[in-house]
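S.K.: Right, I'll just put the structure down here and ask away after.
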Amino acid sequence: MGFNNVVSIYHVVGEGDDFESAAQDVFTMIKESQVLYPDWPRIVYLDVHGHKGERHGFDDDMFEFQQEFIIGTIGPFLTAIDMPLLSVWNPEDQRNDLPDALAIQ
């Protein structure tokens, strides 16, 4: 893996963004990267502005977004994740069979 074959996806969650809008934005970026660069390793870089709270420094929405959505749901479709809560490499092979759409319930 080098600079010529890795897709870097950078997203900033703004103060006015909620869980659903942030999740849809990141999913759309990952989906587009798979179309443009099929099966290339993907790394998501995430910044969160505002959303201060008691859960490791984040409000409930952004804590859940980072822990449950980024790591738990979308993590298998990434090679690595760098975000304020933590940075991790996927110990498994990145999955490339992204669903057509994201449905949040």
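S.K.: It is to be established whether one or more residues within the range 84-101 are closer than 14 Å to Phe19 by Cα and over 10 Å from the mean Cα position of the chain (by Cα).
M.R.: No.
S.K.: Tell me, which strands (runs of 3 or more DSSP E) wholly within the range 1-84 include 1 or more residues that are under 22 Å from Pro99 (Cα atoms) and either of a type outside the set (Lys, Arg) or touching an Asp or Glu at 6+ places or on another chain (Cβ under 7 Å) (or both)?
M.R.: By residue number, 7-13, 42-48, 80-82.
S.K.: Conditions: (1) under 11 Å from the mean Cα position of the chain (by Cα); (2) acidic (Asp, Glu); (3) under 26 Å from Asn5 (Cβ atoms). Glu68 meets all but one. Number of the miss?
M.R.: (3)
S.K.: Report, by residue number, each residue of the range 32-53 that is open to solvent by 50 Å² or more (accessible area, probe 1.4 Å), in contact with a Phe, Trp or Tyr (Cβ under 9 Å, 6 or more places away or on another chain) and farther than 13 Å from Leu86 by Cα.
M.R.: Within the range 32-53, Lys52 is the sole residue that qualifies.
S.K.: Right, something else. Identify the single condition in (1) within 16 Å of the chain's Cα centre (by Cα); (2) open to solvent by 20 Å² or more (accessible area, probe 1.4 Å) that Gly16 does not satisfy, given that it satisfies every other one.
M.R.: Result: Gly16 passes all but (1).
S.K.: Please determine, by comparing only the residues of the range 62-86 that are at pLDDT 95 or above and surrounded by fewer than 16 Cβ atoms within 10 Å (Cβ to Cβ), which one is nearest to Val35 (Cα to Cα).
M.R.: Selected residue: Pro76.
The values are calculated or read from the model by the stated rules, or taken from the named source; none is laboratory data. Predicted model, so just to flag it, every value in this text is computed and none were measured. In this analysis, Cβ positions are derived from the backbone assuming ideal geometry, glycine residues included, and neighbour counts consider all displayed protein chains. When the accessible area is computed, the model is the full protein with side chains, heavy atoms only, and any ligands, DNA or RNA have been set aside. Shrake-Rupley method; radii C 1.70, N 1.55, O 1.52, S 1.80 Å.
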